[in-house]
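Some notes on the structure that comes next.
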Amino acid sequence: MQSYWFGDVKDGSCILFIGDPNAIVDRVRSISASMDSFIPLDWEQAVLCGACRDRTDYIGKLQAVCITAAERSIREQYSRKDAELLQMVRTLDEIDTVINLLSERAVEWYLVRHPAFSRKYRRIPAPVIIRTMREKSKGALGRVAGEIGQLSETRTSLAKEVSARANEVMPNTSALIGGLVAARLLSQAGGLLLLSRLPGSAIQVLGARTALFAHLKTRSPCPKHGIIFQHRRVHNAPRNVRGKVARVLAGKIAIAARLDYFRGMKAQDFLDAAQERIDSVAKSDEP
Amino acid sequence: MIWIGDVLVSQGEGGVYNERILGGARVWDPYRSKLSALYHAGTGIELTRSMRVLYLGAANGTTVSHVADYVDVVYAVEFAPRPMQDLLEISRRRRNVIPIMADASRPEQYAPLVEAVDLLYQDVAQPEQARIALQNCSFLKTGGILVLMLKTRSVDVRKEPAEVFKDTLDILQSDGLIVRESVWLAPFHHDHAAIVCIKPAG
């Protein structure tokens, strides 16, 4: 028997499936065809079956079913909890880029207006400079500085939201490396399912793409860490064990991501054991 | 294929992606579409009104919309939700585009929807492009044509594009396909090649 979207065909006879496009979508999803014995469908069987009148009718009905199916799949994919977190963390990182670019340019502009101003030997934090610029500058420059200030506020509140959402969507990974870094890993992998499918060795170098491909193509050394460098245990570790810490941490993240995807709850036993292992590696000085 | 001077065009409702209109027809830009590049860089295959096409890796539907202007029906398979949203918009305006949200390497998922086709067109950014093409050859009629757009960089960045090209040709031929044309798509697309095969009888 061959099952097609409009019905089942066996030895030239056909059993029509009756239902609206949504019911047909359910049917198509439930059919498990095997490609070994597969016979591509013939639209004329659908006419014999009584599913449609002619070719135009056939294509019209099939298109309606397929559009319904695709709309449903898109909705399902977007309703996954990690879909929005992905957009949130990418927006956050892009706001950072915008703030940096705009601040640099605005300071250059300010220097032309105030030739005596210099940041050297003065350690003025960026927000203070921006405020000074806003207060002391007339016209567009003042407004640009104002916009930078606003963006920074948006950034701060978005960062909090990202952390909170990451704790909810990926409780174990977030507990291990913090919500922001966890969310960045998620963004690089393209989703929680994809992250949970990555081996530790891939997680270790997520975000170090340029260095990784340089390594694969030429003889340059392999990167030791990507995004996970942002975790204090990695960047605070002594140079000689940093690679090892990164490797162990990445392995634990791989497990944590799988727990997050398949269990979705905090696994305290695992977290305690993982934390202990990472700490012990970071303290040892044998590479 | 319809040419106005040396510009490839297709006849259909315009304004899909702000394409240029020339003499009432839609200009099919070889720098945007690899299939159009094939017609400029090589021979390609003549698309006709009676053809049924299975299109793997439909993306935003830019090329799909042009193919649909020429043929009977296009089954457009795309995996990612974001481009699928654009493809759906095109399907709602074009009666002969059937959008299928599925993974091209899992043909059993969309087998109940797709009929036997005259042309299998594949443009996917996957390492195992040749294998995916062979898996989908079950949908291809005898004497039907496979057009494989080979993204050599997606197969293996470490290998030379020419090496990947040769390996892919070997895989296709060892499975019994007859290679009719194989051509690089430079200068329109770098490190991309087009391979045109025929599925022989038996």
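The stretch between A:A202 and A:S118, if pulled fully straight at 0.36 nm per residue, gains 25.8 nm over its current Cα-Cα span. Label-to-label distance for A:S152 and A:T132 is 1.3 nm, based on points extended 7 Å past Cα in the beta-carbon direction. As a proxy for reagent exposure, ranking A:C66, A:C222 by other Cβ atoms within 10 Å from fewest up yields A:C222, A:C66. If both residues of a DSSP beta bridge must be in the protein assembly as shown, then about 55% of such bridges are antiparallel.
Of the trypsin sites (Lys or Arg not before Pro) in the range B:9-90, the ones in a loop by DSSP (not H, G, I, E or B) with at most 14 other beta carbons within 10 Å are B:R20, B:R49. Simple rule: put +1 on each Lys or Arg Cβ and -1 on each Asp or Glu Cβ in chain A, find the dipole, and look at A:I255, A:A182, A:V128; the Cα lying farthest toward the positive end is A:V128.
The stretch between A:R277 and A:H215 holds 19.4 nm of extra length on full extension. This uses 0.36 nm per residue minus the Cα-Cα distance.
For chain A, a Gaussian network of Cα nodes joined below 10 Å ranks A:L249, A:L86, A:L102 by mean-square fluctuation, and the top entry is A:L102.
Note on A:57-70: average number of Cβ atoms from other chains within 10 Å of each residue's Cβ is 5. Remark: A:L186, A:L111, B:L134, B:L8 ranked as A:L111, B:L134, B:L8, A:L186, counting other beta-carbon atoms within 10 Å and listing the fewest first.
Each Lys and Arg adds +1 at its Cβ and each Asp and Glu adds -1 at its Cβ; summed about the Cα centre, the range A:81-169 shows a dipole of about 700 debye. If only the Cβ of Lys and Arg carry +1 and only the Cβ of Asp and Glu carry -1, the dipole of the range B:30-198 around its Cα centre is close to 400 debye.
Neighbouring Cβ atoms from other chains, within 10 Å of the Cβ of residues in A:22-35, number 3 on average. Rank A:P238, A:P115, A:P199 by mean-square fluctuation in a GNM of chain A with C-alpha springs under 10 angstrom and give only the top-ranked residue. Maximum fluctuation in the GNM of chain A, among the listed residues, is at A:P115. Charged side chains reduced to their Cβ positions (Lys and Arg at +1, Asp and Glu at -1) give chain A a dipole of some 2040 debye around its Cα centre.
For the peptide B:95-101, the mean number of other protein chain Cβ atoms found within 10 angstrom of a residue's Cβ is 6. Computed on the range B:30-198, with alpha-carbon pairs under 8 angstrom and 6+ residues apart, the relative contact order is 21 percent.
A:K244: which aspartates and glutamates have alpha carbons under 16 Å from its alpha carbon, excluding same-chain residues fewer than 8 sequence positions away? Partners found: A:E276, A:D279, A:D285, A:E286.
Normalised by the number of residues in chain A, the mean separation of alpha-carbon contacts (under 8 Å, six or more apart) gives a relative contact order of 13 percent.
Helical content of the protein assembly as shown, expressed as a calculated mean residue ellipticity at 222 nm, amounts to -16500 deg cm²/dmol (DSSP H runs of 4 or more residues, -39,500 (n - 2.57) each, divided by residue number, nearest 500). For a quick check, take a GNM of chain A with Cα springs below 10 Å and name the residue from A:G12, A:G226, A:G243 with the largest mean-square fluctuation. Comparing A:G12, A:G226, A:G243 in the GNM, the peak value goes to A:G12.
Pairs with C-alpha atoms separated by more than 20 Å, drawn from the list B:K34/B:K151; A:K224/A:K283; A:K61/B:K199; A:K81/A:K266; B:K141/B:K166, are A:K61/B:K199; B:K141/B:K166. When the range A:170-287 is described by a simple charge dipole with +1 on each Lys and Arg Cβ and -1 on each Asp and Glu Cβ, the residue from A:S196, A:S280, A:I227 located farthest towards its positive end is A:I227.
Ranked by how many other Cβ atoms sit within 10 Å of their own Cβ, fewest first, the residues A:I124, B:I98, B:I45 fall in the order A:I124, B:I45, B:I98. Ranking B:F139, B:A58, A:G60 by how far each Cα lies toward the positive end of the dipole of the protein assembly as shown (charges on Cβ) leaves B:A58 at the top. Building the convex hull from the alpha-carbon atoms of chain A and averaging its projection over directions returns 25.3 nm².
A short reminder: the numbers here are calculations on the coordinates, not readings from a lab. Small disclaimer: the values here were computed from a predicted structure and weren't measured. Cβ atoms come from the backbone with ideal geometry, glycine included; neighbour counts cover every protein chain shown.
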